[in-house]
Each structure stands twice: as C-alpha cells, then as structure tokens.
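Written below as structure tokens is the structure these notes are about.
The values are calculated or read from the model by the stated rules, or taken from the named source; none is laboratory data. Quick caveat, the model's predicted, so the values are computed rather than measured. Positions of Cβ are backbone-derived with ideal geometry, glycine not excepted, and every protein chain shown enters the neighbour counts.
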Amino acid sequence: MAKKPVKKKVTGYPFWHWRRWIRFAIKIGLVGIAFMVMFGIYLDSLIHSKFDGQKWQLPAVVYSRPLELFPGQRLSVQQMLHELKLLNYRESARPQGPGQYAVNGQRMLVIRRSFDFADGAEKTRPLLLSFSGQRLASIQNADNQRELAYVRMDPVLLDRLSGDEIEDRILLRINQVPQMFSNMLLLVEDRDFYNHGGVSILSIGRAFLANLRAGHAVQGGSTLTQQLAKNYFLTRERSLMRKVQEAYMAVIIDYRYEKNQILETYMNEIYLGQNYAQGVYGFGLASYFYFGMPLNELEPDQMALLVTMVRGPSYYDPWRYPERAQQRRDMILRLMLENNQLTPEQFQLYAARPLGLLERGQMTFGRTPAFMNLLRRELRQRFGEGFLKQSGLKIFTSLDPVAQQAAEESVSSQLDSIEKRLNRKELQGAMVVTNRHSGEVSALVGGRDTSYAGLNRALDARRPIGSQVKPAVYLTALDQGYQLATPLKDEPLQLRNQGGKTWAPQNYDKTYRGSVPLYAAMANSLNVPTVRLGMAVGVPAVAETLKKLGVTQEIPLFPSLFLGILELSPFEVNQAYLTLATQGLYQPLTAIRTIQDSNDKVLYQRAEKAERRIDSQSAYLTLFTMTKVASLGTARSLAAKFPNAVLAGKTGTTDNLRDAWFTGMDNDELITTWVGRDDNKPAGLTGANGALPLFSDYMARRGVNSLKLSVPQGITMVNFNIEGKPVASGCGGAMMLPARADKLPPAESCSSTPVDWIKNMFSSGE
C-alpha cells in the first residue's frame, strides 16, 4: 500500500497572503488619498469663499468736517492747535513726516496727512500758516513758498459705529504699511515668508533649537500663513489634528494667493488687544489703540511694541506688565540691529525710550456722545434701522471740532459762573450751533458733562420756550401789513376764556408804557403788547407761521401761545429760527454731509433744496428787529461786549423763571442756548442772565463775524411818525425804519408839534 505524501509544515505567510495585505494597504492608501483630496477640496472651498468674499464686518467710520483753510478766515493759533491735537498731530522741532507740526509765535509749519475724500485724494503737503490775531492771514506751500488760496486738512476721526460686533479693526492695505514694519514683523515671526510654501521645515527646526537652548518655549515654528489659517478659520484647540489641518490650509492658502495678499490679510486679522467688550484686531486699529496715531507715523520702537503683541496681548499687556513688554520690545529692536535694519545709534535711541502709550481707554474715539446721538437718529430716519450693518461705511459729518470745543467750554464755564454768582445749584444747560446758511449742525452740547452719553437735553429736553416764540407773532403781523413803527398798546389787559377764567398777562417789569412801536415791543420782549398783537392777527395765524418755520409738534391754540407755552427742545427751536436766519428758506437741520461705502462709492450726498416758506421781506423785517434786541433791547449786553459787531437774537424766559433761553446769530452761525433744572424747579434765571451768557461766551471764543443781512427787493427806508404813519423826510420826531413798499400808505406831511417819542422807549425787559 502506497504511503500518502506527507505535507510539509508551512512556515510564515505564503506569497498570496502578502499580496492580500499589499492590496489592502493600497486600498487604504487610496482611500486615504481620496479622503485627503476631498478634504483638501472642502478646505479649498472654505478658504476661497472667505478670502474672496467679505473678509470682515467693518464698523462705520465717522469723521468731522475737514477744516478748510483760506486766508482771512476766523481761526487763531490756539484753535488750530486744538484741531491738530484732535487729529493727533505731534509737535516736533523739525517736522519731517505727515502728522507733525511746529509753532513759532504766529507762524506754524504743518505737514498735512494724505486723505481720500469723496471728491478725490489729497496728498501729503507741508503748509506754512501765518496768523494775525483771530484770523488766518496766509497759507504757503512750504516746499516752494507758493501762496495757496484754499487747503483742506484731513478730518477728525470722531467715532466707530460697530453695532453689535465684538470685533473692531481699521482695514490696512499693504501699500499703506511702512516697509520697516513689514521687515520687522517678518524678521520676528516668519523670516522665510517669501520663500516657503506655507509650511517651513527650516522654521520648525530653528524654533526647536532656540527653545532647546532656552529651556522653554521662546520661539514658534508656525509660519505667518499657518497663524493666519489658525486665527481665521480654526479654534485655539491644541491637538495634532488641528495642527495638521492648520498646515494643510496654509499650503492651500500659499498656493492660491499672492504673498502680499496673505500678508495683508494677516496684518488685518491678528488679535492684538481688548478695548472693553470689543477685541482689537489688526495693526491698523492697534496703532490707534496703543499710540493714538496711524501705523505709518509710528517710530521703530512703537512698531516693535505692536509686533510684541503678536505673541500674546494679555501676557505682554504694556499697561499691566510694562517691564515685560519693554523687554520684548527691546529684544525685537536688537534683532533689527543684528540684521542691519537699524544702526547702533538708532538702536540706542529707540531702546532708551519709554513705551509712550496712550492712557488705557483713551483711544481717540467717542468724544462727542451728544452729537453722535443726533447722527444715529438721523441715520435711522433717513436710511432705516439696518443701514449701519453695511460693512465699512464712511460717514462724513458737519461737526466742527473747533466750534464743539468752544461750545463745551462755554456751557461748562458759564454754568459754573452763574451758580457761583447767583448762588444757584443743579443747573443744566444745552447748546445747538448750526451753520446759518446751510443748516448743518456744527456743534451740539447735551449737558454740563459733555462726555456723558445720558440725557441729551439739546434733543430731548422739551420745555416751554417762553419769549422765544415772539418772533413768530411779529412775523405774522408784518406779513399781514403791520409796520415796524405801528404803535401797540401797552396797557393792562384781561382775557376771559369760555370757562370764565381770567388771564391777565403782565410785562416782566410789571410796568406799562402806554404805547410803543412794534419793533420796540419785541426788542424789549414786552408781554402785553405781544398778546394784543397776537389776538389781532389770530391764534391760528401764529400757529401756521410756526409750522412754516419748521415746528412739527402739536401747537396749543390758546392765547398763552403768544408767551411761549409751546414746548420744544433746543434743537427744534434752532430749526425754527434757521428759517428766519435764511430769510424765509426752510431746510432741515442735518449732521450728515456724505456717506461712502467700503469701496469709496458715494451712497449719499446732501443736496436738499431750500424751500421758500416765509416771505423774504417779512423775514428781513423780523431779523432787523432781532438786531435791535441785541443792540437796544433785552440782549443789549452784547452791544457792550461786541461794540463793533452786528448781532441778532431773542431772549426767552418761562413762568416762575424755570427756563432761560437765548437764540442768536452772527453772519456765520445760529446758536440756541438753554439753561434750567432737570427737575423743572425754578432756576431763578431769565434769558438775559441765564442763557445769554452762554451765547456771549461762545462768540468771544469763536470770534464774531458781524451779521450782514441781505435787503430783499421791495424793502425801502421810510420815516415814520409817532402814529406809525410814513411822513416826509426831515419831519421832527420821526424815526427811519425799513418797510415793505407794497404795504405802505401814502406819506403824510410833518406834524406841527415834533415829539420825542423815542425817549425812554427802551427799558428793562425780561
């Protein structure tokens, strides 16, 4: 019987087993490759959508009006210095770069910054300014001594309206970044940036050796591109998977985009500090946050401190840990020295300097909460609630920083003075300053504490306006054919309403003059003649005049309207008086000039046409009467303080001396002031001794430009007798006043008995 063959024992795996494992490994590898490819496609789409779309939600940036310089304008050296301070210009013995200036008596050298306006870019320019008292005498180009007729300064950055965003940044373009800063950043963070493909093995090795020598982590191996991927797309989780993802994304970013584009994005994305609830992102905003000036004006030591913040704005917080921050700053300066970016002399100079920080929380925005309150309201009214959600808006306003400073100082100093002089307490005040010709709001003060964003009394304190209403009464009468010389009875008066109650208005001084011409009654703010005149022209007619002037509130149709029972805010009073100031042309008050989008496309340009609402002749006669208020009447203290200037205005006082008002104007500005108490208790002040001092102080600070009224066609100068009738020239006792030619009766012959009817006409009023 044949033996069965004996099977040999197989040692190890047969080849076919190895083939199976190889095939399996290949499949796994292919799956892995496919996964990596698909994952790469996903990451690429993520990167593409964010990089090529809107990278950030940028806040709306709010600017003041640009200071327009021209020979002869009202501008002193001190006012110019205040403007430069707000612009964060720096005084230098030898100005060499933008944002620097030098003062020598009445001469000033200013190197103006460049700025992109809606109508074109203004380049950096050295300006030599010469002053004479309160005026700018001349402007020269300091490079060639050429006389200049007009120059615009860059506007003051007032605020940044970020809405609900928790991130804030100022967008920088790569061409706006100083080369020294770019060199410094790359030297410290990624010196092989322009040579690697997103991930640098060399950087990793160099960091490993540096950390090994130091015994702790002093240098990272991540490239700028990796840092960008981490900050822009990923969490701060520390894991191998996140690191792999970070490297993968860095490679994709480097492949897809130019190096300068990557660097620009990094410079705008990096987190560099915390400003209360908002994070400070990007070097553009960080430069303002730490130093209050743009990046291109920083010195190398300041640049080095910004680069320091990259490694940890909390750890190197220069306000909390100044020594720690300075040590790293100096280390960066030494690196610049070692790499021939600084000379030994420069290194010694910059390393010896203190940090030179702003005081924490003093980043130069948000100085004018009352004005910003007005701006927000106007934006909502014009464009709706969601308008500010658009990214990167540029809003150019009408705010005049010089006027704003004068207004704030006037309100604060005069309220202090009044309280001290009259032993009053708890007084509050408000001021509205507008351009008399355009209706643009130049300054707004909502209370004594100008930094407080609480109750805005300029907009929200609606109080009885007292005698501020009287110009509307007299305007109505002049429009109906009354003349400035028309005699009005100043005798006791009683009015009875339908309920049988009696109202007996009195003059402020409780005396009566028998008869006074119309213009003198208003100049002295006499109550009784005003009520008589109002009753003659009719309550509805006066109410209609107020509506034409711009009052939108419900108007009480009672005789007490003639003495100011109507409740308005200072802003609303200013709006009504503006129609008078423009001699009958209504235009809404505004805080906005121009709005641009993030691409500098103009979205809005103020272009409202003025609307003729009041007859120009009647408006002129009313304004003429208001000049008599300032020269002979209740505001005659202005004539003593400004003897060579023509001003116009009207005082106002309410019952029980609760509210003091004054609205006045020179040729440039219309100013409304209010003084009172928030609890509505009597302030014990009249318009003349309460509100007028604020106006007077403001005009002293600003410098008066004498009022020049345009005489409309149909106005002629006429001699009037005591009866208010036109008479021939040369008649004794006659007064020459402007009048409407179309409403004049024929002139009469002279009275046989000349009467000095002007004597004692002007006496104390409210």
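Among the candidates Met665, Met717, Met699, Met735, which residue alone is within 19 Å of Glu572 (Cβ to Cβ) and aliphatic (A, V, I, L, M)?
Only one candidate qualifies: Met665.
So for the range 229-244 (the condition being modelled with pLDDT under 70, surrounded by 15 or more Cβ atoms within 10 Å (Cβ to Cβ), in contact with a helix residue (DSSP H, G or I) (Cβ under 9 Å, 6 or more places away or on another chain) and part of a loop (DSSP other than H, G, I, E, B)), does at least one residue qualify?
no
Touching a residue at least 12 places away in the same chain (Cβ under 8 Å), outside the structural domain of Tyr266 (by TED's automatic domain parsing), hydrophobic (A, V, I, L, M, F, W, C) and surrounded by 20 or more Cβ atoms within 10 Å (Cβ to Cβ), is that true of Leu109?
No, not satisfied.
For Leu84, which of the numbered conditions (1) among the hydrophobic types (A, V, I, L, M, F, W, C); (2) closer than 21 Å to Ser398 by Cα; (3) touching a Leu at 6+ places or on another chain (Cβ under 9 Å); (4) buried (at least 18 other Cβ atoms within 10 Å of the Cβ) fails to hold?
Result: Leu84 fails condition (3) only.
Can you tell me which condition Asp143 does not meet? The list is (1) more than 23 Å from Thr397 (Cα to Cα); (2) among the acidic types (Asp, Glu); (3) in a strand (DSSP E or B), and all the others hold.
(3)
Would you say Ala691 is outside the structural domain of Ser76 (by TED's automatic domain parsing), modelled with pLDDT of 85 or more and either more than 52 Å from the chain's Cα centre (by Cα) or exposed (fewer than 14 other Cβ atoms within 10 Å of the Cβ) (or both)?
It is false that Ala691 is outside the structural domain of Ser76 (by TED's automatic domain parsing), modelled with pLDDT of 85 or more and either more than 52 Å from the chain's Cα centre (by Cα) or exposed (fewer than 14 other Cβ atoms within 10 Å of the Cβ) (or both).
Just to be sure I understand the filter: pairs with C-beta atoms under 6 Å, separated by 6 or more residues or on different chains, first member in the range 408-432 and without any contact (Cβ under 8 Å) to a residue 24 or more places away in the chain, second member surrounded by 15 or more Cβ atoms within 10 Å (Cβ to Cβ). Which pairs pass?
Glu419/Leu427
Quick one: in the range 657-707, which of the residues that are in a helix (DSSP H, G or I) and of a type in the set (S, T, N, Q) is farthest from His82 (Cα to Cα)?
Asn689
Give, as residue ranges, the helices (runs of 4 or more DSSP H) completely inside the range 496-585 that count at least 2 residues that are buried (at least 18 other Cβ atoms within 10 Å of the Cβ) and in contact with a strand residue (DSSP E or B) (Cβ under 7 Å, 6 or more places away or on another chain).
The helices (runs of 4 or more DSSP H) meeting that bar are 518-523, 527-537, 570-581.
Quick check on my filter: what residues within the range 368-393 are assigned to a loop (DSSP other than H, G, I, E, B), among the aliphatic types (A, V, I, L, M) and crowded, with 23+ Cβ neighbours inside 10 Å?
none
For the range 118-140, what are the residues that are free of Cβ contacts under 8 Å to residues at least 24 places away in the same chain and in a loop (DSSP other than H, G, I, E, B)?
Within the range 118-140, Asp119, Lys123 meet the criteria.
Please indicate, with yes or no, whether at least one residue in the range 744-763 is β-branched (Val, Ile, Thr), at pLDDT 85 or above and either in contact with an Asp or Glu (Cβ under 8 Å, 6 or more places away or on another chain) or more than 18 Å from Ser637 (Cα to Cα) (or both).
no
Which count do you get for residues in the range 606-656 that are under 24 Å from Met699 (Cβ atoms), of a type in the set (D, E, K, R) and not in a strand (DSSP E or B)?
3
So Asn195 clears everything in (1) at pLDDT 85 or above; (2) of a type in the set (S, T, N, Q); (3) touching a Gly at 6+ places or on another chain (Cβ under 6 Å) except one condition, right? Which one?
With respect to (1) at pLDDT 85 or above; (2) of a type in the set (S, T, N, Q); (3) touching a Gly at 6+ places or on another chain (Cβ under 6 Å), Asn195 is out only on (3).
Let me confirm something: among Ala118, Ala142, which residue is hydrophobic (A, V, I, L, M, F, W, C), assigned by TED's automatic domain parsing to the domain that holds Pro71, under 25 Å from Gln605 (Cβ atoms) and at pLDDT below 95?
Ala118
Filter the helices (runs of 4 or more DSSP H) completely within the range 250-348 down to those with at least 2 residues that are over 30 Å from the mean Cα position of the chain (by Cα).
Here the list reads 259-269, 300-309, 322-338.
Given the options Leu136, Leu157, Leu185, name the one that is touching a strand residue (DSSP E or B) at 6+ places or on another chain (Cβ under 7 Å) and modelled with pLDDT of 90 or more.
From the options Leu136, Leu157, Leu185, the qualifying one is Leu136.
Condition check: on the phi > 0 side of the Ramachandran plot and buried (at least 24 other Cβ atoms within 10 Å of the Cβ). Does Gly466 satisfy that?
Criteria met by Gly466.
Determine if the range 394-401 includes at least one residue that is assigned to a helix (DSSP H, G or I) and touching a residue at least 60 places away in the same chain (Cβ under 8 Å).
Within the range 394-401 (the criterion being assigned to a helix (DSSP H, G or I) and touching a residue at least 60 places away in the same chain (Cβ under 8 Å)), the answer is yes, since at least one residue qualifies.
Please determine, by comparing only the residues of the range 409-454 that are surrounded by fewer than 17 Cβ atoms within 10 Å (Cβ to Cβ) and of a type in the set (S, T, N, Q), which one is modelled with the lowest pLDDT.
Ranking the candidates gives Ser451 first.
Pull out all pairs, ordered by first then second residue, where Cβ-Cβ is under 6 Å, the residues are six or more apart or on different chains, the first lies in the range 304-321 and is within 15 Å of Tyr281 (Cβ to Cβ), and the second is exposed (fewer than 14 other Cβ atoms within 10 Å of the Cβ) and modelled with pLDDT under 95.
Listed pairs, sorted by first residue: none to list.
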